[in-house]
Structure formats: structure tokens, C-alpha cells
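The values are calculated or read from the model by the stated rules, or taken from the named source; none is laboratory data. Not measured: the values here are computed from a predicted model. Using ideal geometry, Cβ is built from the backbone for each residue, glycine included, and neighbour counts are taken over all protein chains shown.
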Amino acid sequence: MKIFSERSESEDFDEEAYQKSKRGERRQAYIFLILGGLVLLDSGSPVPIPLTGLPSILLGLAIMAYGWSQWRSYQRLPLHEALQLGRLQGGRLSRTDLFLKLRLSAEKTDQLLDLLVQQGFLERVDEDLPPENEPVYRLLS
């Protein structure tokens, strides 16, 4: 007999699965951008792809558009994952938590924190901290 907890399985943050999906998005973006570029370059020649002319150009552009959409998905700030991480840590988040767990750059970490505060998901716990202490944020929702 399984006892259900208050937290569902979908709310837990899985760092390994998140990193794996980000690597996959980046890999797909590179592959499809390069493949689309190669199809465009080959659109005037029947060798090695027998498709030439306008259909080849449209196919190359479609492949590159998919690669671009994967790149945009890879570059998107992980709002949902940050909220999951905050819930997993008892409603508290710091810049270091986001930086290390989500493996973001310092700039993206700051952008993510600013966006979460602007959208009303986070608030600073203590405003009067000395400069050597890192601010801690409390999850509001």
C-alpha cells in the first residue's frame, strides 16, 4: 500500500533530467541549423541531394527554422524549474542555488531572479544585509 505525500511527483525538481533536456535542445539546435545550411548550400547542385531549386530552399529554411526554435528554447530562462527548486528547498532560494543547480551563467542567474521578483513569485527575505551576505528569497506562490 502506497502512502501519498502532499507533494506530487511532478513538483520535484530533477536536476539530471533538466540538464539532459537542455543538452538535447542544444544538440538539436546545432544539428538542424547545420543541416539546414548544408541543404541550402546544396540547393543548386543535384549532388549529393537530388532535390534542387525552390523545394530545396524551402526545405533548408524549414530545417533551419526548427533549429532556430530549438536554440530559442535552449536560451529560454527556466522559470518553471526555478519554482520547482524553490518548492523543493522549502520555499527559499538564493542566487547560488540557482547558479549551481540550474548551471546558469551569472548574468542569466541575475536575469532569472529579477524576472521572478518582477512577476511576483519571489521576494527578498531581508533587505538590510551586509554586502558579504547573499540575499535569500522567499517563494510567494
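Some observations on this one:
- Against the conditions (1) in the same structural domain as Leu122 (by TED's automatic domain parsing); (2) touching a Phe, Trp or Tyr at 6+ places or on another chain (Cβ under 7 Å); (3) of a type outside the set (S, T, N, Q), Arg26 satisfies every one except (1).
- Matching residues, the range 46-72, being of a type outside the set (A, V, I, L, M, F, W, C) and surrounded by 13 or more Cβ atoms within 10 Å (Cβ to Cβ): Thr52, Ser56, Gly60, Tyr66, Gly67, Ser69, Gln70
- The range 16-45, residues that are surrounded by 14 or more Cβ atoms within 10 Å (Cβ to Cβ), closer than 21 Å to Leu59 by Cα and of a type in the set (Gly, Ala, Ser): Ala29, Gly36, Gly37, Ser43
- Residue within the range 18-26 that is assigned to a helix (DSSP H, G or I), at pLDDT 90 or above, of a type in the set (Ser, Thr, Tyr) and farther than 22 Å from Leu122 by Cβ present: yes
- Top-ranked residue of the range 90-134 - restricted to ones that are outside any helix (DSSP H, G or I) and hydrophobic (A, V, I, L, M, F, W, C), ranked as modelled with the lowest pLDDT: Leu129
- Considering residues of the range 1-17 that are assigned to a helix (DSSP H, G or I) and not aliphatic (A, V, I, L, M) only, the residue modelled with the lowest pLDDT: Glu9
- Check on Gln111, touching a residue at least 40 places away in the same chain (Cβ under 8 Å) and not assigned by TED's automatic domain parsing to the domain that holds Ala17: no
- Members of the range 76-121 found to be exposed (fewer than 13 other Cβ atoms within 10 Å of the Cβ) and of a type in the set (Asp, Glu), listed by number: Glu107, Asp114
- In the range 60-78, the residues that are in contact (Cβ under 8 Å) with a residue 40 or more places away in the chain and either among the hydrophobic types (A, V, I, L, M, F, W, C) or assigned to a helix (DSSP H, G or I) (or both): Gln70, Trp71, Ser73, Tyr74
- Val39 vs. criteria closer than 30 Å to Pro135 by Cα, over 15 Å from the mean Cα position of the chain (by Cα) and in contact (Cβ under 8 Å) with a residue 12 or more places away in the chain: no
The rows are residues; the columns are (1) in contact with a Gly (Cβ under 8 Å, 6 or more places away or on another chain); (2) aliphatic (A, V, I, L, M); (3) assigned by TED's automatic domain parsing to the domain that holds Tyr18; (4) under 30 Å from Ile34 (Cβ atoms).
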{"residue": "Ala62", "(1), (2), (3), (4)": "yes, yes, yes, yes"}
{"residue": "Trp68", "(1), (2), (3), (4)": "no, no, yes, yes"}
{"residue": "Trp71", "(1), (2), (3), (4)": "no, no, yes, yes"}
{"residue": "Gly86", "(1), (2), (3), (4)": "no, no, no, no"}
{"residue": "Gln89", "(1), (2), (3), (4)": "no, no, no, no"}
{"residue": "Leu98", "(1), (2), (3), (4)": "no, yes, no, no"}
